[in-house]
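Q: Quick one: this structure, given as structure tokens, is what I'll be asking you about.
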Amino acid sequence: MYTAKVMDHFTNPRNVGEIPDADGIGTEGNPTCGDVMQIFIKVKDDRIIDVKFKTFGCGAAIAVSSMITELVKGKTIDEALAISKETVANELGGLPAQKMHCSNLGADALKKAIEDYRSKKK
Amino acid sequence: MRKCYFDHVATNPLDRRVFDAMTPYFMEAFGNPLSLYDLGAKAKEAIENARGQVAALINSKASEIIFTSSGAEANNFALRGIALARQHEGKHVIVSKMEHHSILNSARFLEKAGFVVTFLPVDKHGIVEPEIVKKSITKETTLISITHASSEVGTIEPIKEIGRIAKEKGIIFHTDAVAAAGNIPVDVKELGVDLLSMAAHQFYGPKGAGALYVREGLRIVPLIYGGIQENGRRAGTENVPAIVGMGKAAELAKDEMAARMEQSKKLRDKLIKGVSGIENIYLTGHPENRLPAHASFTVEFIEGEAMLLLLAAKGIYAASGSACSSKALKASPVLLSMGVSSNLAQGSIVFSLGKGSTEEDIDYLLAEFPQVIKRLREMSPYAKGWGTKGESGECIPQK
């Protein structure tokens with residue numbers, strides 16, 4: 001059902017945890033119907049220098065979370081905002097069709113974390 | 001790595017003795033049971049022998065057994081066949097929310113065809129209260145169908161009591177005994193059922209073989225029209241090897257039932273006891289009135305599919321009723337109907353043991369399972385609780 005890449009990120013997820021003094025936190029999803037993803041970012045000079053996640057959900061949701069943290073680390077805010085759901089799914093070698101909608105929450109959670117960071121900066 | 005198959009409600013391996021009984025009917029005794037020459041007669045004899053073996057398992061007459069391709073077909077057949085046969089008497093059918101999809105979706109088909117269907121609620125253990133069945137009966141009711149035992153939560157329903165009510169009111173009573181037959185004693189006379197479904201692969205028989213018991217004298221409309229097989233009630237050239245396999249499996253299940261049950265119950269109780277030491281984990285289904293090989297739980301703050309996959313990576317095979325693990329992405333209707341919250345239903349996990357399960361298997365599970373839970377909880381934003389409710393009802397994790 002899942003690609004080897006998905007299974008790798010699911011069984012050995014990268015960047016699990018929280019950042020206590022995060023500059024931005026984004027949460028997406030709902031546990032009553034599917035998955036919930038929470039992303040923490042630390043930003044310096046407009047660049048994401050650290051990122052961590054916590055996820056409630058299936059194998060795909062956890063793999064997506066792990067993958068997006070790898071993709072954004074070291075990126076500028078604008079580069080991070082350019083990452084789409086499709087990018088994440090492609091980097092994982094594809095996701096099952098029924099998981100694309102409910103488990104592919106990484107890009108949305110990341111956007112929320114960036115919005116949170118920007119609103120705090122103002 | 002140790003391999004522990006704890007998904008016996010999904011299916012079972014074939015018993016070697018069943019396999020051996022089946023093999024002559026693929027290439028040697030391959031005849032069509034309807035053929036008049038000796039090859040046909042041999043196949044016919046094999047089917048009738050199997051019919052007797054299946055009948056003996058549920059204490060019916062051989063002539064009351066109709067072979068089908070699966071438990072699902074037997075369920076479709078019973079619901080449609082009786083509702084249609086008696087539609088001149090009334091168009092109300094009663095089922096419960098504990099039923100398998102093959103009952104629920106057959107009931108929905110009947111609704112579309114102009115019948116009225118009552119889907120009965122259940123209590124927190126998944127029990128269909130006989131009193132509630134009684135109250136839901138109308139002058140129009142012709143059929144009641146309640147599962148014998150739930151493969152999802154293990155609960156065994158009060159079939160005998162419901163059967164008594166149905167008989168009093170002159171209503172036909174069907175039970176889906178797919179999870180029960182071959183695993184616990186099932187006696188159609190004692191239960192007072194008019195129809196009963198079963199599936200061979202639930203008791204070490206082959207897939208593709210099921211049966212419907214139809215009480216003598218009861219008229220049923222066929223699901224499949226065609227030739228005169230099964231007395232004209234189920235057309236199609238018989239799957240002779242599978243039917244032979246079902247018969248042999250039924251015979252073995254009957255002979256070995258007491259021993260299998262005793263062993264399963266011992267191991268299941270050890271499993272439940274061991275797992276109950278983990279924090280925030282709850283047994284689902286009835287604590288006593290449950291299938292002897294069945295242990296089902298909800299684990300708080302994590303999701304079932306993730307648990308399944310991590311367990312599978314350790315060689316432990318289980319099942320889950322979580323939304324993510326279902327193809328429809330919907331949480332188990334059975335758990336929701338028992339009042340389990342949709343958050344908690346996501347953490348559903350089901351272990352069903354078999355005759356090959358050992359004490360060492362349980363020890364291995366009890367060593368690995370807590371680690372899987374710990375790992376996923378470390379990843380979960382809800383490890384400290386379900387948080388506060390947001391504007392759209394979502395759970396906002398606590399910081």
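Nothing in this text is a laboratory measurement; each read-out follows from the coordinates by a stated rule. Worth saying up front: this structure is predicted, and the values here are computed from it rather than measured. Note: ideal-geometry Cβ built from the backbone for every residue, glycine included; neighbour counts use all protein chains shown.
Q: Compute the distance from the alpha-carbon center of the range A:50-111 to that of the range B:213-231, in whole Å.
A: Here the answer is 55 Å between Cα centres.
Q: How high is the FRET efficiency from B:F26 to A:S119, r the C-beta distance, R0 56 Å, rounded to 0.05?
A: 0.20
Q: Helix A:59-72 sits at what angle to the longest principal axis of chain A, using alpha carbons and giving 0 to 90 degrees rounded to 10?
A: Around 40 degrees separate the two axes.
Q: Also, I was wondering about something else. How many nm separate the modelled label positions at A:K111 and B:V116, each set 7 Å beyond the Cα in the direction of the Cβ?
A: 4.9 nm
Q: For the residue pair B:S341 and B:F19, what label-to-label distance in nm results when each label sits 7 Å from Cα along the Cα-to-beta-carbon direction?
A: A separation of 4.8 nm, rounded to one decimal place.
Q: Hey, could you grab the Kirkwood Rh for the range B:243-344? Inverse mean 1/r over distinct alpha carbon pairs, Å, one decimal.
A: Roughly 15.8 Å, rounded to one decimal.
Q: Using only alpha carbons, build the gyration tensor for the range B:16-253 and give me the equivalent ellipsoid semi-axes, biggest first, whole Å.
A: Value: 32, 19, 14 Å, ordered largest first.
Q: Now a separate question. Between the helical axis of B:71-85 and the dominant principal axis of chain B, each derived from Cα atoms, what acute angle in degrees is found, rounded to the nearest 10?
A: Helix B:71-85 and the main axis of chain B meet at about 60 degrees.
Q: Using only the Cα atoms of the protein assembly as shown, each taken as one equal point scatterer with no solvent, compute I(q) by the Debye sum, divide by I(0), and report log10 of the ratio at q = 0.12 Å⁻¹.
A: Log10 I(q)/I(0), no solvent term: -1.07.
Q: Across 10 Å bins from 0, what is the distribution of all Cα-Cα pair distances for the range B:78-215, in whole percents?
A: 12, 46, 34, 7, 0
Q: If you don't mind, another one. State whether the range B:1-150 is rounded, prolate or oblate according to the following rule on the C-alpha gyration tensor (a ≥ b ≥ c being the square roots of its eigenvalues): a/c under 1.5 gives rounded; otherwise a/b larger than b/c gives prolate, and the remaining case gives oblate.
A: oblate
Q: Given the DSSP H assignment, sum -39500 (n - 2.57) over each helix run of at least 4 residues in chain A and divide by its residue total; what's the result at 222 nm in deg cm²/dmol, nearest 500?
A: -13000 deg cm²/dmol
Q: Here's a follow-up. Estimate the FRET efficiency between B:R108 and B:K160 by the formula 1/(1 + (r/R0)^6), using the beta-carbon distance for r and 25 Å for R0, to the nearest 0.05.
A: On the way: r = 28 Å, r/R0 = 1.12.
Using R0 = 25 Å, I get an efficiency of 0.35.
Q: Now for a different question. Per the helix-only calculation at 222 nm, which mean residue ellipticity applies to chain B, given -39500 (n - 2.57) for every DSSP H run of n ≥ 4 and division by its residues, nearest 500 deg cm²/dmol?
A: Only helices count here, giving -12000 deg cm²/dmol.
Q: To continue, here is another question. Label chain B by shape, choosing from rounded, prolate and oblate, from the square roots a ≥ b ≥ c of the eigenvalues of the Cα gyration tensor; if a/c is under 1.5 it is rounded, and otherwise prolate applies when a/b is larger than b/c, oblate when it is not.
A: The shape class here is oblate.
Q: What's the angle, to the nearest 10 degrees (0 to 90), between helix B:359-379's Cα axis and the longest principal axis of chain B?
A: The angle comes out near 50 degrees.
Q: Under 37 °C and 0.692 mPa s, how fast does the range B:92-162 diffuse according to Stokes-Einstein, given a Kirkwood radius computed over C-alpha pairs? Answer in µm²/s, whole number.
A: My calculation gives 266 µm²/s for D.
Q: List, largest first, the extents of the alpha carbons of chain A along their principal axes, each in whole Å.
A: That works out to 44, 28, 22 Å along the principal axes.
Q: According to a simple spin-label model (label point 7 Å from Cα along Cα-to-Cβ), what is the distance in nm between B:A41 and B:K167?
A: Taking the two extended label points, one gets 4.2 nm.
Q: Now, a different point. What lysines sit close enough to B:K314 to cross-link, taking a C-alpha to C-alpha distance under 22 Å and skipping anything fewer than 8 places away on the same chain?
A: Filter leaves A:K5, B:K3, B:K270, B:K273, B:K355, B:K374.
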